[in-house]
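Here's the structure, in C-alpha cells; my notes come after.
The values are calculated or read from the model by the stated rules, or taken from the named source; none is laboratory data. Computed from a predicted model, the values in this text were never measured in an experiment. For neighbour counting, all protein chains shown are included, and Cβ atoms are generated from backbone atoms with ideal geometry for every residue, glycine included. Just the protein is used for accessible areas: all its heavy atoms, side chains included, with ligands, DNA and RNA removed. Shrake-Rupley method; radii C 1.70, N 1.55, O 1.52, S 1.80 Å.
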Amino acid sequence: MHQPHGEPRRSIYFNYQVFPAYTGAVGAPHIARKPVVVVGAGPIGLTTALDLARHGIPCVVLESEQQVSEGSRAIVFTRRSMEILQQVGVADRVSGMGLPWNCGNSFYRNQLVFRMESPQAPDDRYAPMTNLQQPYLEQFLAEAAEANPLVEVRWGNRVTALAQNSDFARLEIDTPAGSYELDTDWVVAADGARSAIRTLLDLKLEGTSYEGRFVIADIKIDLDLPTERLAYFDPTWNPGNTVLMHREPGNIWRIDYQLPEDETPEQALQAESLCERINAQLEMLGFKDVPWEMDWSSVYSARALTLSDYIHERVIFAGDAAHLLPIFGVRGANTGFQDCHDLVWKLAFTLKGLAGPKLLPSYTDERVSAAREIIDEAGKSTRFMAPPTAGYRLVRDAVLSLSLTQEFVRPLYHWRTSRPHDYAESVLNCPTDDNDRFAVGPRNGALLLNIKLGENDYLFDRLGACFHLLYFTSAAFIPDALLAQVQAIRSSGVPFQIIAVTQNAQTRVVGADQLIEDTSGHIASKYGITQGGAYLVRPDQHICARWHQLSAGQLHTAIDIVLGKH
Amino acid sequence: MNTMTVHDLEVVYDVLADALDKASAAKAELFLVKLALLSAQALGSAQTFNELAQSALQDL
Ligand SMILES: Cc1cc2nc3c(=O)[nH]c(=O)nc-3n(C[C@H](O)[C@H](O)[C@H](O)COP(=O)(O)OP(=O)(O)OC[C@H]3O[C@@H](n4cnc5c(N)ncnc54)[C@H](O)[C@@H]3O)c2cc1C
C-alpha cells in the first residue's frame, strides 16, 4: 500500500497544504478509460493538464505525493515560461509574487569581470527572468487545476505498472487504500527526473553526466543586494570552485556552491559544513554578522541527458522525465514548459481526429532536437562553471586570470540562458510559402514576436488555443476566397481565428475575429510585411508559414502541412 | 605565414625561459595556457591555432 508523506513539509516561507488522497476507484467493478492520463503533478504535468483543458480535452493527473514539491528547486522562470503560464492562466499570480530581473554578474578575485544585461524590450509583457520558488508555482498550478472542471488531480496515486496495447495503455496505480487500474488512450509521463514510467519501459537516457556536484542552500537573510544573478569564480573560501547566488521572494537567498571533488553529498549537507561555508561566502561579501536561518538544502549534479525519442507507443514523455538538463542557464523547468506547450495542441488535435500522421511525431522531432541543442550549449556553460578534466580546469583558470585585464576572454563568462527554441527544421513549416523572401520578422518555426498594443495590452494576451492568421490589411473586409477557405478549415473542426492588423485606421474588417490597429506601422515593420501579407501561427505561438501576398490556396496547403498531412 | 629571424627566435627563447622561471614551477602551466590564449587572440585564427596545437602534441 502506498503511504505518501502525510505531514506538511517544513518551510520558513511556504505553508504546505496536504491534499486529500484519491481512493475512489479502488475496488471499482470496471476499469475506467480516459483520453489522457498525465503522470506527475510537477510543474510540467500540471501545465500539460491545464493546457489540454484549453483545447477541451479532459484528463486525469496522477500524483504520488499529497503536496507540492519540497524546497525551492527551480527558482528562475524565463519570459517564455511566463508566456506559456499566461496561456494556462497562472502568470498573473507568478508575476504578482515573483521578482523580475535582467542582469547577471560574474566576479573573480572581488572584481566584476563580466556583466550581462538582457534587454527588457518595450514590446514584452514579462521580464527576461522572474524568480519564484517552485512550491508557489506548483501551488498556483494545482489551484488552477482543482478549479478546472476538465482536470482531475488524484493526489496520493502512484503508478506502479504499465502495459501497452495497440490503442491504449493500462496503468496500475497504488493508493493509501489499495490499488486500481486505469486505461487511457495516451499517457503523458511527466513524472520527473527519476521517472518511474521511463524505468518501467526500460528506456535509457543518452548523453553525459558531469562530475560537478553543487550544494543548493536556501537561507532567510536580509541582504541589501539587487535581484541579479551573482556568480563568484574561485572564491578564496572554495578554491577552484564556483558559487552562485539568487534572490528569491520573501528575503530568501539561494546559495549554490560546488562541492570539493573528494567530498560526498552526505558530508557536504552536514549542518556544520553548510554553516561554515555559507558564513564564509557571506563574509566575503561583507555581511559577516548578518543573522540568517536555514530553510532547505540539497545536492544537485550537472547532467545533460535526453531520451532519443519522446513517444513510445501510447506513452509520451515531457519535462525532466524526458531529459535532465544542467541548472546553469535555468534550463530544467523552463525547457519542460516548452515541451508541454509543443505537445498539447498536437495531442489534442490527434484526439479530435484532426491530425495527419506526421503531427504527433513532430513533437519528438522538435523537442528532442531542442534538448540536444540545449545539451550542447549547456555543456559549454558546465565546462566553464565546473570543469570536468584537468585540461578544462587549466584553461578555465587561465581565462579567469586573463579576464582581470583582457577584454577578449570575458564573453566566455556568458551563461547561455534558456530561450525559446526555433523549430526552423520542422516538417510542419510550409516549404512553398514566402519564408525565404522575407528580410525581417520571425522565420518559420520561430516564436511569434510579442507586441505592446496599449497599456496592459499585448498581442500574446489575445491568443487562444487555436490557429491564428495575422493578416495585414488596409481594406474593410477579408477577401471572399480567403474567408471561404477559413470557413472550410473551421468546419473541418480546426479552431482558427483571423486577427486583422489594420494599417488604414479601419474600425472594422468584415470577416476578421479580432482587430489590431497598426497605423504607426510598428507591427508591420517588425514583421517585415506590407498589406495583403500574413503570418500563420500555430496554437503554441510558433510560426509555420508567412506570405507577402496570401491567397486562399496557399492557406489551404499550409494548414494541411501544419496538421501533418503531407 | 610570417617567419621569424633566427635573432627573433632567440629572443623568444629567452623571454619564454625567463618568464617560466618568473612564473615559478607551480604556476608554469597556468602561465603557458594564458600565453597560449593571448597568442591565439593575436593570431586571430582558430584553425591555425588548432594546427599549432596538433604540431605541439607530436613527439611529447
Ligand atoms: C534538488 C533540486 C534542485 C533543483 N534546482 C533547480 C534550479 O535551481 N533551477 C532549475 O531550473 N531547476 C532546478 N531543478 C529542476 C526542476 O525542479 C525540474 O526541472 C522541474 O521540477 C521539472 O518538472 P517536472 O514536472 O518535469 O518534474 P517534477 O517536478 O520532478 O515532477 C514530477 C512529479 O511526478 C511525481 N511522480 C514521480 N513518480 C511518480 C509515479 N510513479 N506515480 C505518480 N507520480 C509520480 C513526483 O512526485 C513529482 O511530483 C531542481 C531539481 C531538484 C530535484
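Per-residue surface analysis assigns A:HIS556 an accessible area of about 90 Å², computed on protein heavy atoms at 1.4 Å probe radius.
To the nearest 20 Debye, how big is the dipole of segment A:1-105 about its Cα centre, given +1 on the beta carbon of each Lys and Arg and -1 on that of each Asp and Glu?
160 debye
Annotation for A:ASP123 and B:GLU29: the two label points, set 7 Å from Cα along the Cα-Cβ direction, are 5.0 nm apart.
Comparing the full protein assembly with the isolated chain, the residues of segment B:32-47 losing at least 20 square angstrom of accessible surface (1.4 Å probe) are B:VAL33, B:LYS34, B:LEU37, B:LEU38, B:GLN41.
Find the relative contact order for segment A:129-244 and round it to a whole percent, using C-alpha pairs within less than 8 Å whose residues are 6+ positions apart.
Working: 87 pairs, mean separation 13.0, N = 116.
So the answer I get is 11 percent.
Potential lengthening of the chain between A:ALA32 and A:LYS380 amounts to 120.5 nm, from the contour at 0.36 nm per residue minus the alpha-carbon distance. Relative to the longest principal axis of the C-alpha atoms of chain A, give the angle of the C-alpha long axis of helix A:552-562, reported between 0 and 90° and rounded to the nearest 10°. That helix lies at roughly 40 degrees to the long axis. Ordered from highest to lowest accessible area with the whole protein assembly present and a 1.4 Å probe, A:ARG443, A:ARG416 read as A:ARG443, A:ARG416. Measuring with a 1.4 angstrom probe and ignoring ligands and nucleic acids, A:GLU283 comes out at about 100 Å² accessible. Each label was represented as a point 7 Å from its Cα along the Cα-to-Cβ direction; for B:VAL12 and A:MET1 these points are 8.0 nm apart.
In Å², and per residue, what accessible area does chain A have when probed at 1.4 Å with the other protein chains present? Could the numbers behind the result be given before it?
On the way: 21820 Å² over 566 residues.
Per residue, chain A has 39 Å² of solvent-accessible surface.
What residues does segment A:378-395 have that are buried by at least 50 Å² of accessible area in the full protein assembly compared to the chain on its own, 1.4 angstrom probe? Checking the loss per residue gives A:LEU394. Heavy atoms of chains B and A lose about 800 Å² of accessible surface on contact, summed over both sides with a 1.4 Å probe. The relative contact order of segment A:305-357 comes to 26 percent, based on Cα pairs under 8 Å that sit 6 or more residues apart.
In percent, how large is the relative contact order of chain A, given Cα pairs closer than 8 Å and 6 or more residues apart? Result for chain A is 14 percent. Relative to the longest principal axis of the C-alpha atoms of chain A, give the angle of the C-alpha long axis of helix A:480-491, reported between 0 and 90° and rounded to the nearest 10°. Taking Cα atoms only, the helix is inclined about 60 degrees.
Can you bin segment A:435-562 into rounded, prolate or oblate? Criterion: square roots of the alpha carbon gyration tensor eigenvalues sorted a ≥ b ≥ c, rounded for a/c under 1.5, prolate for a/b above b/c, oblate for the rest. It comes out rounded by the Cα gyration axes.
When the accessible area of chain A is computed with all protein chains present and a 1.4 Å probe, what percentage of it is carbon and sulfur?
Working: 10780 of 21820 Å².
Ligands and nucleic acids excluded, carbon and sulfur reach 49 percent.
Exceeding 19 Å between C-alpha atoms, which entries from my cross-link table qualify? They are A:LYS34/A:LYS346; A:LYS34/A:LYS352; A:LYS34/A:LYS204; A:LYS352/A:LYS565; A:LYS452/A:LYS526; A:LYS346/A:LYS452. Walk me through the numbers before you get to the answer.
On the way: A:LYS34/A:LYS346 17 Å; A:LYS34/A:LYS352 14 Å; A:LYS34/A:LYS204 28 Å; A:LYS352/A:LYS565 15 Å; A:LYS452/A:LYS526 12 Å; A:LYS346/A:LYS452 28 Å.
Table pairs above 19 Å Cα-Cα are A:LYS34/A:LYS204; A:LYS346/A:LYS452.
Pairs of Cα atoms in segment A:255-306 fall into 10 Å distance bins, from 0 up to the last occupied one, in shares of 20, 50, 24, 6, 1 percent.
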